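Structure record follows, encoded as structure tokens.
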Amino acid sequence: MSATMLTVKELNFYYSKTQVLRDVNIEIPGNEVTAIIGPSGCGKSSFLKALNRLYEIIPGARVTGEIIYNGGNLLSRDVDVVGLRKEIGMVFQRPNPFPKSIYANVAYGPRLHGVKRKELDRIVEESLRKAGLWDEVKDKLNKSGLDLSGGEQQRLCIARCLAVEPKIILMDEPCSALDPIATAKIEDLIYNLKQDYTVIIVTHNMQQAARVSDKTAVFLTGGKMVEYGETVKIFENPENKIVEDYITGKFG
Amino acid sequence: MTNKQTSLFRRKLHERTIKYFFFACAATSIVVLFFIAIFLFHEGVGVFRVVEITDFLSGRRWAPARVQPILGILPMLLGSLFVTVGAMIVAVPLGLSAAVYIAEIAPPKIKNPIKSAIELLAGIPSVVYGFIGLVFLVPWLQETFNLPTGFTALTGSLLLGVMAVPIIASISEDAIYAVPRDFREASYALGATKWQTITRAVLPASISGISAAIILGGMSRVIGETMTVLMVTGNAPIIPDSICSFLRPVRTMTASVALEMGEAAKGGIHYSALFAIGLVLFTITFLLNLIADFILHRYKEAQKR
Amino acid sequence: MNRVQRRRFAQATAFALLAFATFLILAIMVGIISFVASQGIGAISWEFLTAFPRSGMTEGGIFPAIVGTFYLAMGTTLISLPLGVFAAIYLVEYSYQGRLIRLIRIGINNLAGVPSIVFGLFGLALFVRHLGLGVSLLSGSLTLAFFVLPLVIRASEEALLAVPQGFREGALALGATKWQSVYTVVLPTAVPAILTGGILALGIAAGQTAPIIFTAAAFFTPRLPDSIFSPIMALPFHIYVMASESAHFAVTRHLQFGTALVLLAIVFGINITAIIIRSQMRKRRRW
Ligand SMILES: Nc1ncnc2c1ncn2[C@@H]1O[C@H](COP(=O)(O)OP(=O)(O)OP(=O)(O)O)[C@@H](O)[C@H]1O
Ligand SMILES: [Mg+2]
């Protein structure tokens, strides 16, 4: 059993007046993959955005509660958000490589954070290797990131995220825009990532959650987290009747 | 403070400074607007020591260069009004037709070329319109209607009307384009023809955008237009009083300012009077803009519901 | 005719009228251009484009007016483009809805509606007189810069709004500060569209007359402007003077047409460039 990475306490999330998360409590373990599942609109993406404070760029979005990370509350005002986002990376639902070269995409984060030029080549190669993209792109690093296929773009985004050496990686439905083959590649990748990283992945796909994750949290409409535990247990023997209905596809 | 905290503090300060800098740039527009009002007032207020503001606005004679200047701008107020009304009669039907045609009817292939062409038309400088009016329209009107002079309010209205068309067309087209699809589909579902859909569903739904287009792109622009009217309306400060006045010379407020500023001595009454005319122009266009803004804003609010 | 036929007929008539109106407008434009071109082309010669006016402006060329217009358009764009882009950055990237923003927007809309001659008065009072810059290239550029500012702001705003939100989120999620995300990702993506706005401003500045009559323009200058404090000749003002104020207006018609043609060519050239850039950009955009 690995040590706790993030402890979410009584988290509430609001867009202006509408509340989308209610009193969420979770302990997320380090070096494991935690899946978040639940019907559309139940607040999964919002939950991720609370973890790296990306909600701050949405006018009217607000949170209450605590998220303990490294012994401090990462939601508190005096936290260095930029430093936080370096440690908690994110991969989005739609691949969003910058309209720059493949190399510049991966080097973007390190450059921002003042990494020396000499080291960039190494970081770029390493990150692309980890993302399983190196062999495909090593001869065209100067091509635009937008020239890649959807699946390659998403792996580029993962490489870009790895290049800043985060501790936690948030993934918001990373495969929903991809075909099955590209999806399988990314699932393999996620499985390998957990040796070095803590991964939190939102997905709509039950099988995917079952395949890649160690723990699963089920959110339901209204923004409540109704069950959380070992993935195997959630899928085979959920405590909650509603969760069982959801997982077996009776609704959602 | 630890090292980490200082660098965090530095970065926050840096970010905030940048933000305030951009804010200052964004606020420039409103500052300039304010300065325009202040300077017009400052330079123009002197005239009201000599005439009452009501006499200034309603005085029927304009003779600013006399030893005892007579400062009534009614001829110019009405001149601007006449030319503007005439121009709108030309521009609104043409501009709206073009907007509807482009937005609803034009085959996709020619839609963009037409839009670009109209955009180009909007780019023709007003002095070129004035020049063409001068060398072509003025003599032509004089001959056709057998007038003592071709420098008339009508000449100005025709030219300004053509000038206003592209602006009215493009703003209205945006308004029409913004009408949601379901409006149209609902209408078709009831068995309406395309034309019925346009007149009964699309145009009513975009009416506020179109009114704003007419006020902003049409009236406000036309009242403020200078070079064209200056070159073709004859600039006689005669009060236009009937429909026949369209066939006689008029002088607009803008033309007065452009024409006389050169001869008005700085700080004199004449100079002040011209700035006061500027202030009147500024006020009129300001009010027109506020009205248009209000219409658009209310429309947006209504759409949200 | 039955009802259906009547409705069809009404629609066909209406559509024909609308098409007629649209093509009438286009015909007017073609008419204007071909009229100026056919009358003006005879005046165009190397000397006309590169020589100073002679014999009390009844002969010679329009070189100083071309140069003056060029300087004026450049000056205007140099001032208004950065200011407008920065303002747009604030409005799109930094501000949330609020009273202050609404006020700023009302300010921009109203500034866009201020008549050009009123800008002329403002420039005369503030730059020429109050700040003592005199009738000069600088006064004229400043006046025109504020005149085109609302347009530049709007064009830049549109350019920034067209940048996908995902780029901003992506940058921020990698630990970029707000400014870094704007500077490294948003602005470079928006540059072509912003430039289009700048080019349009250039075209407007080149064609304006009223704002420069009292602030920058001279009937005639014996030399090219040697500093930003010199008065300048400009094509639009030159046309006005030659056609309306000069005692020799009748004998210089061909020169007036030539000047009008040059001005139209410049303005159209600028606008067509902007249109082409924009359509290329739309074709190439991949996000
Ligand atoms: N920017 C926003 N402003 C206001 N409401 C929002 C905003 N973003 C999301 N919401 C609302 O908040 C609720 C939760 O949204 P969220 O995106 O977190 O759901 P989700 O679980 O990720 O859904 P999905 O599975 O469809 O991605 C939804 O009802 C949504 O409509
Ligand atoms: Mg989501």
query = Filter segment A:17-38 for residues that are within 19 Å of the chain's Cα centre (by Cα) and surrounded by fewer than 16 Cβ atoms within 10 Å (Cβ to Cβ); which is nearest to ligand 1 (Cβ to nearest atom)?
reply = A:Asn25
note = Reported set for segment A:85-134 where residues are open to solvent by 50 Å² or more (accessible area, probe 1.4 Å), part of a helix (DSSP H, G or I) and within 14 Å of chain C (Cβ to nearest Cβ) is A:Lys86, A:Glu87, A:Arg111
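Kindly provide the set of residues from segment A:98-134 that are in contact with a strand residue (DSSP E or B) (Cβ under 8 Å, 6 or more places away or on another chain) and not basic (Lys, Arg), ordered by number. Show your work before the answer.
Taking segment A:98-134 and keeping what is in contact with a strand residue (DSSP E or B) (Cβ under 8 Å, 6 or more places away or on another chain), we get A:99-102.
Hits for segment A:98-134 are A:Pro99, A:Ser101, A:Ile102.
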query = Which is surrounded by fewer than 18 Cβ atoms within 10 Å (Cβ to Cβ), within 14 Å of chain B (Cβ to nearest Cβ) and more than 27 Å from C:Ala87 (Cβ to Cβ), of C:Phe237, C:Phe229, C:Phe220, C:Phe249?
reply = C:Phe249
query = If you go through segment C:50-59 one residue at a time, do you hit one that is modelled with pLDDT under 95, within 30 Å of B:Leu281 (Cβ to Cβ), assigned by TED's automatic domain parsing to the domain that holds C:Val152 and crowded, with 22+ Cβ neighbours inside 10 Å?
reply = no
message = Checking the structure you have, find out if any residue of segment B:115-129 is farther than 24 Å from B:Gly79 by Cα, of a type in the set (D, E, K, R) and away from every other protein chain (no Cβ under 11 Å).
response = no
query = Does any residue of segment A:228-251 turn out to be within 16 Å of ligand 2 (Cβ to nearest atom) and within 18 Å of the chain's Cα centre (by Cα)?
reply = no
request  = Tally the residues that are open to solvent by 60 Å² or more (accessible area, probe 1.4 Å), out of contact with any helix residue (DSSP H, G or I) (no Cβ under 8 Å at 6 or more places or on another chain) and not aromatic (Phe, Trp, Tyr), restricting the search to segment C:60-102.
outcome  = 4
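So, in segment C:113-134, how many residues would count as being crowded, with 20+ Cβ neighbours inside 10 Å and facing another protein chain (nearest Cβ under 9 Å)? Explain how you work it out, then say what you get.
Pass one, segment C:113-134, residues crowded, with 20+ Cβ neighbours inside 10 Å: C:113-128, C:133.
Filter again for facing another protein chain (nearest Cβ under 9 Å), leaving C:113-122, C:124-126.
Residues flagged as crowded, with 20+ Cβ neighbours inside 10 Å and facing another protein chain (nearest Cβ under 9 Å) within segment C:113-134 amount to 13.
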request  = Please give the number of the condition A:Tyr14 fails out of (1) crowded, with 16+ Cβ neighbours inside 10 Å; (2) under 18 Å from the mean Cα position of the chain (by Cα); (3) within 13 Å of ligand 1 (Cβ to nearest atom).
outcome  = (2)
remark   = Flagged in segment A:1-41 as of a type in the set (A, V, I, L, M, F, W, C) and in contact with a Gly (Cβ under 8 Å, 6 or more places away or on another chain), in numbering order, are A:Ala3, A:Met5, A:Val8, A:Leu11, A:Phe13, A:Val20, A:Leu21, A:Val24
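For segment C:1-111, list the helices (runs of 4 or more DSSP H) that sit wholly inside it and hold at least 1 residues that are within 12 Å of chain B (Cβ to nearest Cβ); which are they? Walk me through how you get there before you give the answer.
Values: elements: C:3-40, C:46-50, C:63-89.
Result: C:3-40, C:63-89.
Looking at segment A:194-209, which of its residues are within 14 Å of ligand 2 (Cβ to nearest atom), touching a residue at least 60 places away in the same chain (Cβ under 8 Å) and surrounded by fewer than 21 Cβ atoms within 10 Å (Cβ to Cβ)? It would help to see each step written out before you state the result.
Step one: filter segment A:194-209 for residues within 14 Å of ligand 2 (Cβ to nearest atom), giving A:200-205.
Retained after the next criterion (residues that are touching a residue at least 60 places away in the same chain (Cβ under 8 Å)): A:200-204.
The answer is A:His204, and nothing else.
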ask   = Restricting attention to segment A:39-62, does a residue exist that is surrounded by 22 or more Cβ atoms within 10 Å (Cβ to Cβ), part of a strand (DSSP E or B) and more than 16 Å from ligand 2 (Cβ to nearest atom)?
value = no
message = Would you confirm whether or not segment C:272-286 contains a residue that is within 11 Å of another protein chain (Cβ to nearest Cβ), farther than 22 Å from B:Val138 by Cα, β-branched (Val, Ile, Thr) and loosely packed, with under 15 Cβ neighbours inside 10 Å?
response = yes
key: Residues (farther than 26 Å from A:Gln207 by Cα and either within 14 Å of another protein chain (Cβ to nearest Cβ) or away from ligand 2 (no atom under 16 Å from the Cβ) (or both)) located in segment A:12-38   = A:Asn12, A:Tyr14, A:Tyr15, A:Ser16, A:Lys17, A:Gln19, A:Arg22, A:Asp23
key: segment B:227-252 - residue that is closer than 12 Å to B:Leu78 by Cα and open to solvent by less than 20 Å² (accessible area, probe 1.4 Å) and, of those, farthest from the other protein chains (Cβ to nearest Cβ)   = B:Ser245
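One line per residue, one yes/no per condition, for (1) polar (S, T, N, Q); (2) within 14 Å of chain C (Cβ to nearest Cβ); (3) surrounded by 12 or more Cβ atoms within 10 Å (Cβ to Cβ); (4) in a helix (DSSP H, G or I):
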site	(1), (2), (3), (4)
B:Phe23	no, yes, yes, yes
B:Phe35	no, yes, yes, yes
B:Phe41	no, yes, yes, yes
B:Val45	no, yes, yes, yes
B:Asp55	no, no, yes, yes
B:Arg60	no, no, yes, no
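If I filter segment A:238-246 for residues that are of a type outside the set (A, V, I, L, M, F, W, C) and touching a residue at least 24 places away in the same chain (Cβ under 8 Å), do I get at least one hit? Give the derivation first.
Initially, segment A:238-246 is screened for residues of a type outside the set (A, V, I, L, M, F, W, C), giving A:238-241, A:244-246.
Of the ones still in play, those that are also touching a residue at least 24 places away in the same chain (Cβ under 8 Å) are A:246.
Among the residues of segment A:238-246, at least one is of a type outside the set (A, V, I, L, M, F, W, C) and touching a residue at least 24 places away in the same chain (Cβ under 8 Å), which makes the answer yes.
Given the residues B:Ala178, B:Ala264, B:Ala186, which is the only one that is away from chain C (no Cβ under 13 Å) and touching a residue at least 24 places away in the same chain (Cβ under 8 Å)? Give the steps one after another, and end with the answer.
Working: B:Ala264 fails: away from chain C (no Cβ under 13 Å); B:Ala186 fails: touching a residue at least 24 places away in the same chain (Cβ under 8 Å).
Within the list B:Ala178, B:Ala264, B:Ala186, the selection yields B:Ala178.
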note = Of the residues in segment A:135-193 that are part of a helix (DSSP H, G or I), open to solvent by 10 Å² or more (accessible area, probe 1.4 Å) and more than 24 Å from A:Ala209 (Cα to Cα), the one that is nearest to ligand 2 (Cβ to nearest atom) is A:Leu146
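The values are calculated or read from the model by the stated rules, or taken from the named source; none is laboratory data. None of the values given here were measured: they were computed from a predicted structure. Every residue, glycine among them, receives a Cβ derived from its backbone with ideal geometry; neighbour counts consider all protein chains shown. Calculation scope for accessible area: heavy atoms of the full protein, side chains included, ligands and nucleic acids excluded. Shrake-Rupley method; radii C 1.70, N 1.55, O 1.52, S 1.80 Å.
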